[in-house]
């Protein structure tokens, strides 16, 4: 029977594809006599204090003992050998995933005496057996450091090398991407619970299930050059280990309360006289644990076989929202009266009659509506109805910038259920099983699910979630030198989103807007609507889609590790298999997307988005022809082998190799399509209807069949301009799919990837107090599933035509003739992102249980995903004669543009770009709009000095202080960030958005001593005893950012560099200070680029304000008798307890302006002496602080107080 079990487990180790990463701990060391000679054959016993479970082994011929798969926790170690005194070492604390070395010195004594000592807490923290960079968040930190929201990911901020923007105030499944580890992207990390993968594969930014701190034993975070047994991800590995039951019964109950009545008000609310935000969180929970016994039987009589742990947490959350300010249409504007309409700086906005064919400017109002009033007879039938979607103005304090403010909170009740069973089946086999389920319902006033969002409270949405996570772990010992660990771990999440009222439907407003495609969803729901293009104003923005809608993610992970010990070598090998399925319906605009923006390129533009909506004038209209449900699947198989070699009593080497087969993600139904540039045949390009003047009016004509004498009979209406001429070419030119034999993920599957890992730990002086450590490793990263989901919106599966510059009344006439559409391509090579991580440092046990670590840590990331638009308009295109629209200059393009500004003549051009054809006429690949090409060529580098001092295993006081001095450079911060299409390195390689030059974090927990003279009596003890303080202090350098370049109503790139979609940015100039009086950004430091100045421009040169914060907690414990484990604890937790105003961002919106204050097209008349903004505060301004350029415009949280009570028994 034994041989059958052995064969089965060994087969599992080699045959089961399994991340093989373990959450167990390893304890190793030597038995020595007083002279330092090794003692072979000594009996070593490790007993876990919590459960009483014992494991035994004997020292090898080299005097070495090893316990490779111990559950994390507190142990008592006993060593016995005839002729020596028995040695017992208490308080041996083994942390999750740790490899701890502890030598045992036995004194010569044949009388049978015993010696009892306590383990040196500092020695246990010293990492003498591995070169990996990792950190432990202990149970004491988890239990006694206050978390505003009890989200354990908020604890990542205390670790060296971590830059955290986690806002953990709300209990939810987010936060994964909101911190960066050693310069890696925020999506490059794994979160596991007891070996079960817990990250949703769609965007790698959320988890399946959440788990409250009272259910967690410890957290281990691997940050750099970790061993070969860890895989799947490259940027960091976070391991949660849940609590388990023990020999004794224990229970606890807790209640946490946050309420706005206890909080301070924030700076800007005080400034505007607004009350504190509604802020109400009530969390309650309990847990019970102990041995499982069956009364009347002898089962588990000794309480060392079967244990349970049960935990529930209930969340009642009213989630506060920041004040949202929006410029909504006034009553007059809803009726067509724009006589009092201004931009955000108070300049009048003139409303042009699109049918006049005349200019409408301050100097020439021939084309303006008389009195700036649109007659109701000109309204689109649905124009007033569109305006009725938005609430009427309610806030006069915004002046010309906004007239409506709102601050509605979301309601998010949640529940967590957690159960764990630990079963010691025999002395050689133990099983741990753990199950977590969450339930959540969120009521949202500003959207927020399935990418549906709006910036004012139009409708109420409700989303529900029901995730599950399971872990089954079996450890079997075949012999003291051969062990196996097997884990089976499925996990899944499902979210449903639906509207709870009818305010997103067409019917309540009577809206009957025409459509390109007649679809039930489109007939039912409002379209997405965008309003923008007015200087210094935020207008309504509605991003809408199909409802209800569901999404889900599920994975199955199987891991198996085999450990073998031969002399000085500890071998380990294993496999990892994961299958994942991600279900999602992308918001593709099935209900229509309408852009009413003020755009000078639009010949029908009336000058204001609200007037455009009343008239039915759109800048852009798009609609998908169908809903596509994605089912993205992937399989990952990885294997590893590693050797931890005690090459010398003072030197340990880690040598390993991980082999990863990371198959591409793919849609199960093979619905995806990709654009391949090499397949594009220019001889089969489609033609677009071009503009032509007929009787002074713009018409459309097929350029290949241009009539000799154009008339209204042989041409088409203007609405056809820019549409594809039917049967003029291949509308899917260059597009292929897996259905045609192309790789099913859109790119080739890569062969197995080789990831060598090497590390060392050198006990420098042989006294176990100073260790030099270092290592190097290559890790590989699976791409997020959204890379493939984007291919589902590429035709012919899904067609999303985009119309430019038209009137909604003409949509139906265009429905059979479609414009170019956006498509997605992918680099065929499909290279897999990887990170080279390396470190070199020194650790020193300085006594008092404290270890200091000084290390250099670096990473180099290669083959990162990035995005280029292959259909970008090349530089200087709009300055060329063939690119001009003849209908803008009387039907004929002249040799030189009339009234050409001098700046263009001086730059050598005859055209300014103002009269250029629409961008789709100028694309390199005719027939398509944006060609978003995903490729795997991005890179980054990170270098840092990391210094920490840690005292975490000693009683009384524990602390950790960490300082990181670093620099991170990237070609892109995220997978979908748009990169320069021609020279990414020159234009985009810059300081990362998550770069923080200096980061200092300290955390502490201190049990205040009880003076004997004050605690001699029961009353004195009750008052003065049992006090505890803890806290977290942080200092961060502000995040970097840069200025853009805005010109009201004008595409800056079109007029400055001759392209519609290449970046244009200002230059920094010398001689001016960084700040100017109260301005945090001095506008005199910047200058607009000259005409045809294509850069490269400076990048990421500004910093938001630094961050300095102190959280402080005060606990009072009342003992309830017994051994001290029973107590009542009252907690007062204060976040930003000093209530210091922490400004977060700076108003950095730009608006190019002349010295006299003219904006828009006027800046080109005399392109000299320009300023980057017209929004600098003047003495006459009464606008609230933050509304003008260079002023702080947001703050971090004021003081927030959380009161809590806990009962332990």
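Remarks
- Protection proxy ranking, peptides 1190-1199, 1155-1164, average beta carbon neighbours within 10 Å, highest first: 1190-1199, 1155-1164
- When the Cα atoms of the stretch 133-242 are aligned to their principal axes, the ranges along those axes come out at 33, 27, 25 Å in descending order.
- Extended-chain gain in nm, criterion 0.36 nm per residue less alpha-carbon gap, residue 332 and residue 426: 25.6 nm
- Interatomic Cα distance distribution for the stretch 215-319, bins of 5 angstrom, percent: 2, 9, 11, 10, 10, 10, 12, 13, 9, 6, 3, 2, 1, 1, 0
- Fewest-first sequence of 166, 772 by Cβ atoms within 10 Å of each Cβ: 772, 166
- Percent of Cα-Cα distances greater than 24 Å, calculated over the stretch 781-911: 67
- Of [x] 54.8; [y] 51.6; [z] 94.8, the label for mean projected area of the Cα convex hull in nm² derived from the coordinates: [y]
- Computed E for residue 251/residue 1027 - FRET, C-beta separation, R0 30 angstrom, nearest 0.05: 0.80
- Note on the stretch 1169-1209: the alpha carbon radius of gyration divided by the globular reference 2.2 N^0.38 Å gives 2.36.
- For the stretch 17-118, the fraction of alpha-carbon pairs in successive 5 Å shells from zero, as %: 3, 13, 23, 24, 17, 10, 5, 2, 1, 1, 0
- Working note: 222 nm ellipticity from helices only, DSSP H runs with n ≥ 4, each -39,500 (n - 2.57), summed and divided by the residues of the chain, gives -1500 deg cm²/dmol to the nearest 500.
- Volume per residue of the C-alpha convex hull in the stretch 564-646, rounded to whole Å³: 187
- For the pair the stretch 1122-1138 and the stretch 725-787, the centres of their Cα atoms are 46 angstrom apart.
- Cα gyration tensor category, rounded, prolate or oblate, for the stretch 1009-1072 with a/c compared to 1.5: prolate
- Once the chain from residue 479 to residue 37 is taken as fully extended at 0.36 nm per residue, the excess over their C-alpha distance is 156.5 nm.
- Extension gain, residue 520 to residue 899: 0.36 nm times the residue separation minus the Cα-Cα distance gives 131.4 nm.
- Here residue 684 and residue 110 are evaluated by their C-beta separation; at R0 = 56 Å the FRET efficiency comes out at 0.05.
- Counting neighbouring Cβ atoms within 10 Å and putting the fewest first, the residues 289, 837, 192 line up as 289, 192, 837.
- Model label zone, residue 1140; criterion: amide N under 15 Å from point 7 Å along Cα-to-beta-carbon; scope the stretch 982-1026: 999-1002
- By other beta-carbon atoms within 10 Å, ranking 1027, 754 with the fewest at the front produces 754, 1027.
- The orientation-averaged shadow of the Cα convex hull for the stretch 88-194, equal to a quarter of the hull surface, comes to 9.2 nm².
- Each of residue 1074 and residue 502 was given a label point 7 Å from its Cα along the Cα-to-Cβ line. The distance between the two points is 5.8 nm.
- Calculated FRET efficiency, residue 976 to residue 441, Cβ-Cβ distance, R0 = 25 Å: about 0.25 to the nearest 0.05.
- P(r) tail, the stretch 873-956: Cα-Cα pairs separated by more than 19 Å, 61% of all pairs.
- Once both labels are positioned 7 Å from their Cα atoms along Cα-to-Cβ, the gap between residue 767 and residue 986 label points is 5.9 nm.
- Inter-label distance, nm, simple model (7 Å from Cα along the C-beta direction), residue 143/residue 511: 5.6
- Based on Cα contacts under 8 Å between residues 6+ apart, the stretch 133-242 shows a relative contact order of 32 percent.
Computed from the coordinates by the stated procedures, all read-outs in this text should not be read as laboratory data. Small disclaimer: the values here were computed from a predicted structure and weren't measured. Using ideal geometry, Cβ is built from the backbone for each residue, glycine included, and neighbour counts are taken over all protein chains shown.
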